[in-house]
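*Asks:* I have a structure here, written as structure tokens, and I will follow up with some questions on it.
Read the figures in this text as sums done on the coordinates, not as results from a lab. Please read these numbers as outputs of a predicted model, since none were measured by experiment. Backbone-built Cβ (ideal geometry, glycine too); neighbour counts: all protein chains shown.
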Amino acid sequence: MTSLTFMAFLAELGDSFQIGLNMADLRENPTVSDLEKLILSKPKMGAEYLSKDRYPMFPTQIFLYDDMLRMNSPENVLLSLLEMDKGIDINRLKQAVANAIKIHPILFTRIERGAGSEAFMLPAREKCEIPEIPVIEVTEEEMPALRERLAHELADPHTYPLFEFRIYRTESRLLLFHKVPHVISDGESLNII
């Protein structure tokens with residue numbers, strides 16, 4: 001379970017039972033029986049209870065988001081450049097990427113800053129339009145400089161969606177590049193995508 005799905009689980013429980021839950025509650029009540037006792041013991045909350053439309057960010061996610069705002073650290077971005085055979089049909093590759101994006105709506109998460117140090121993740125609730133994946137022609141001679149530039153690309157937290165996919169085509173190969181901010185995904189999540 002990734003941190004984002006964990007927060008979604010917390011929010012779903014909180015929404016279903018109209019109670020406030022936090023990470024410590026789940027850590028300290030690891031069995032279903034313990035969790036049931038906890039849920040039954042918590043007072044019901046009014047309209048201010050945690051809604052599954054907004055998930056509070058973990059302190060680590062807030063740090064990563066703040067780092068993105070300063071736009072000075074490539075460590076807050078998960079980058080990948082996958083090399084493929086030139087014979088791959090680009091339209092089928094684009095469709096495969098679009099299909100992967102469709103089944104992972106967490107990629108369309110927005111970030112909202114609250115008062116003080118609060119920050120919230122707002123998952124997409126409506127059908128999201130998948131951006132066109134550009135195909136960029138480059139020469140083999142340009143590849144070393146391109147790899148170096150891509151390895152240091154930053155994510156802009158003011159763009160939507162936060163993720164980006166591109167296809168680079170040389171005379172002999174295709175390269176699929178993707179950039180996903182660490183604040184909405186982690187290494188495990190990217191392996192799934």
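*Asks:* Can you tell me how much longer the chain between ALA145 and ARG169 gets when fully stretched, taken as 0.36 nm per residue apart minus their C-alpha distance, in nm with one decimal?
*Replies:* The ALA145-ARG169 span can extend by a further 7.2 nm.
*Asks:* What distance in nm separates the simple spin-label points at LYS86 and ALA100, each placed 7 Å from Cα in the Cβ direction?
*Replies:* With each label point 7 Å from Cα toward Cβ, the separation is 2.3 nm.
*Asks:* Moving to a separate point now. Taking the C-alpha atoms of the range 52-171, how large are the radius of gyration and the largest Cα-Cα span, Dmax, in Å?
*Replies:* Expressed in Å, the Cα Rg and Dmax of the range 52-171 come to 16.7, 52.
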